[in-house]
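S.K.: So that we are looking at the same thing, I have put the structure below in structure tokens.
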Amino acid sequence: MSIAPEQVQAPAADAVLFRSSPWRTFIAVFALLMISFGLVSPIVALMAGGTGNPWWQTGLQAAAISAVAAGLYAWSTRGALKTWIRVSSGGLEVAAQDSDPILLAWPDIAGVVVRRQGIRAILEVTPVDLDRVHPVQGEGPGGPAMTETAAGPAFTADLTEVWPGPRALRRELAKHMPPV
């Protein structure tokens, strides 16, 4: 079980927290399924010659199915993984997909990139040196997942379910990182 951001003292008073939310995921998946239903069901009804059910009954059935499907996804293993990022003048804290949180002071960061990978938004944090990465509490088994980039190894975090979204995170990071 990962450490919640409330269990960790922020490195500075100006900290801004970005975190995943199963409720936000539920609402997004539910809305996507209902929009899909609204686009597809008239075509299917036209091809089948009508269903014989009033539109509101079909809508209620779609809402029930969408609610169950969105609930199953939001609280599934993938959807329930907690991610949080805290940006402050004291540095950048990252705990991605239930990893142990790490802290990087701004001078210890070689680069931060928020990029798209398909429909997902990904955060990549490249430290100057891996020895300058600090676990937030104790000596946990490890931080967020890592990937190899042109600048060296980088910590990664999936921002797809993080609120406020990637655009707000980019703005907050721009306040602390020097321009490239």
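The values are calculated or read from the model by the stated rules, or taken from the named source; none is laboratory data. All values derive from a computational prediction rather than experimental measurement. Cβ coordinates were reconstructed from backbone atoms using ideal geometry, including for glycine residues, and neighbour counts include every protein chain displayed. Each accessible area value is taken on the protein alone, full model and side chains, heavy atoms only, with ligands, DNA and RNA left out. Shrake-Rupley method; radii C 1.70, N 1.55, O 1.52, S 1.80 Å.
S.K.: Taking springs between alpha-carbon atoms closer than 10 angstrom, which of G71, G50, G143 fluctuates most in the Gaussian network model of the chain?
M.R.: In this elastic network of the chain, the residue with the biggest mean-square fluctuation among G71, G50, G143 is G50.
S.K.: First compute the accessible area of the chain with a 1.4 Å probe, then give the percent of it belonging to carbon and sulfur atoms.
M.R.: So the carbon and sulfur contribution to the accessible surface is 65 percent.
S.K.: State, to one decimal in nm, how far the label point of Q97 lies from the label point of V128, with both points 7 Å from Cα in the Cβ direction.
M.R.: Going from the Q97 label point to the V128 one covers 2.9 nm.
S.K.: Taking 0.36 nm per residue of sequence separation and subtracting the Cα-Cα distance, how much length would be gained by fully extending the chain between I65 and L39, in nm to one decimal?
M.R.: Value of the extension gain: 7.8 nm.
S.K.: Also: Could you report the accessible area of D131 in Å², rounded to 10, computed with a 1.4 Å probe on the protein chains as they sit in the structure?
M.R.: That residue has around 130 Å² of solvent-accessible surface.
S.K.: Once label points are set 7 Å from the Cα along Cα→Cβ at both W23 and T147, what is their separation, rounded to one decimal in nm?
M.R.: 3.1 nm
S.K.: For R24, R170, give the ranking by accessible area with the largest first, probe 1.4 Å.
M.R.: Heavy-atom accessible area, descending, gives R170, R24.
S.K.: If Lys and Arg each add +1 and Asp and Glu each add -1, what is the summed charge of the other residues whose beta carbon sits under 11 Å from the beta carbon of A10?
M.R.: -2
S.K.: With a 1.4 Å probe and every protein chain left in place, work out the accessible area per residue of region 1-136 in Å², rounded to a whole number.
M.R.: Per residue, region 1-136 has 57 Å² of solvent-accessible surface.
S.K.: Next question, about the same structure. For the chain, modelled as a Gaussian network with Cα springs under 10 Å, which listed residue fluctuates most, E148, E161, E124?
M.R.: Result: E148 has the largest fluctuation of those listed.
S.K.: Students sometimes get this wrong: rank L104, L60 by accessible area, probe 1.4 Å, all chains present, largest first.
M.R.: L60, L104
S.K.: Tell me whether region 1-86 comes out rounded, prolate or oblate; compute the Cα gyration tensor, take square roots of the eigenvalues as a ≥ b ≥ c, and use a/c under 1.5 as the rounded threshold.
M.R.: prolate
S.K.: Sticking with this structure for a sec: Test of understanding: in a Gaussian network model of the chain with alpha carbons linked when under 10 Å, which of G52, G142, G165 would top the mean-square fluctuation ranking?
M.R.: Among G52, G142, G165, the largest GNM mean-square fluctuation belongs to G52.
S.K.: Further question on the same structure: How high is the relative contact order of the chain? Use alpha-carbon pairs under 8 Å, at least six apart in sequence, and give a whole percent.
M.R.: Once normalised by length, the contact order is 25 percent.
S.K.: Can you give the angle from 0 to 90° between the axis of helix 55-74 and the longest principal axis of the chain, with both taken from C-alpha atoms, to the nearest 10?
M.R.: It works out to around 30 degrees.
S.K.: So, with +1 on the Cβ of K and R and -1 on the Cβ of D and E, and no other charges, what is the size of the charge dipole of region 78-177 about its Cα centre, to the nearest 20 debye?
M.R.: 600 debye
S.K.: Continuing with this model, one more query. Just check the chain against the gyration tensor rule for me: Cα atoms, a ≥ b ≥ c as the square roots of the eigenvalues, rounded for a/c under 1.5, and otherwise prolate or oblate depending on whether a/b exceeds b/c.
M.R.: Prolate, because a/c is 1.5 or more and a/b exceeds b/c.
S.K.: Oh, and also: Leaving ligands, DNA and RNA out of it, rank W56, W106 by accessible area with a 1.4 Å probe, largest first.
M.R.: Descending order: W56, W106.
S.K.: Can you give the accessible area of T25, probe radius 1.4 Å, in Å² rounded to 10?
M.R.: Looks like 10 Å² after rounding.
S.K.: Placing +1 at every Lys and Arg Cβ and -1 at every Asp and Glu Cβ, with all other atoms neutral, what dipole size does the chain have around its Cα centre, in debye to the nearest 20?
M.R.: In debye, rounded to 20, the chain gives about 720.
S.K.: So, one more: At a probe radius of 1.4 Å, what is the per-residue accessible area of H176, in Å² to the nearest 10?
M.R.: Spelled out: H176, probe radius 1.4 Å, area about 40 Å².
S.K.: Let me ask another. Placing +1 on the Cβ of each Lys and Arg and -1 on the Cβ of each Asp and Glu in region 1-123, which of L46, S36, S66 has its Cα farthest towards the positive end of the resulting dipole?
M.R.: Checked the options; the winner is L46.
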